[in-house]
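Reviewing the structure listed below.
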Amino acid sequence: MVKFGLQFKATLENVTNVKPLGDDFRWFLKLKCGNCGEIPDKWQYVTLEESVPLKGGRSSASMVQKCKLCSRENSIDILGDTIKPYNAEDSERFKTMVQFECRGLEPIDFQPQAGFAAQGEESGTQFPEVNLLEKDWTDYDEKVRESVGIYEVTHKFIKC
């Protein structure tokens, strides 16, 4: 099994503590079969709240799937204790936000969507419904009368 870290990078304006919200947060990934190299066209998601037993009953994973091309059973598991917020001091630098334990799969792409939360840097105002599908998000913080935003969202995967 191999661990992959999803590194997140963005430019933050007057916000901090950008993070996925809740155990039902959906990590949308493109996954490559380590056996035959097949990459399905569709985005697949994994969540912390889903757990599927592995063959042999020794453990479980967030998702188990059979490759359509080679029929190999592969799995991916979210390592919940590795989920970290992206803070103002991380702005414009890559930071590992989560790690995945993979057996036979390799994450090759990530699509941020709804389910993120952010906090006003000076005011502490909560922004619980941040959608990063467009790679940019903006709002207005009434407490400090300033615009807030998350811009130029990008990512990469690293082996851990």
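The values are calculated or read from the model by the stated rules, or taken from the named source; none is laboratory data. Everything numeric here is computed off the predicted structure, so don't read it as measured data. Heads up, the Cβs are rebuilt from the backbone with ideal geometry, glycines too, and the neighbour counts pull from every protein chain shown. For the accessible areas, the whole protein counts, side chains as well, though only heavy atoms, and no ligand, DNA or RNA atoms are used. Shrake-Rupley method; radii C 1.70, N 1.55, O 1.52, S 1.80 Å.
Just a few scattered comments:
- Hey, Arg58 free of Cβ contacts under 8 Å to residues at least 24 places away in the same chain, open to solvent by 70 Å² or more (accessible area, probe 1.4 Å) and more than 16 Å from the chain's Cα centre (by Cα) or not: yes
- Filter pass, Glu101 being assigned to a strand (DSSP E or B), in contact with a Lys or Arg (Cβ under 8 Å, 6 or more places away or on another chain) and either aromatic (Phe, Trp, Tyr) or touching a residue at least 24 places away in the same chain (Cβ under 8 Å) (or both): yes
- Candidates Lys68, Lys156, Lys135, Lys143, filtered to the one that is basic (Lys, Arg) and in a strand (DSSP E or B): Lys156
- The set of residues in region 37-54 that are of a type outside the set (Asp, Glu) and either over 15 Å from Arg103 (Cβ atoms) or in a strand (DSSP E or B) (or both) comprises Gly37, Ile39, Pro40, Lys42, Trp43, Gln44, Tyr45, Val46, Thr47, Leu48, Val52, Pro53.
- Members of region 1-36 found to be among the aliphatic types (A, V, I, L, M), within 14 Å of Val153 (Cβ to Cβ) and either under 11 Å from the mean Cα position of the chain (by Cα) or part of a loop (DSSP other than H, G, I, E, B) (or both), listed by number: Leu6
- If the condition is being closer than 15 Å to Glu92 by Cα and open to solvent by 10 Å² or more (accessible area, probe 1.4 Å), then region 5-31 contributes Gln7, Lys9, Thr11, Leu12, Glu13, Asn14, Thr16, Asn17.
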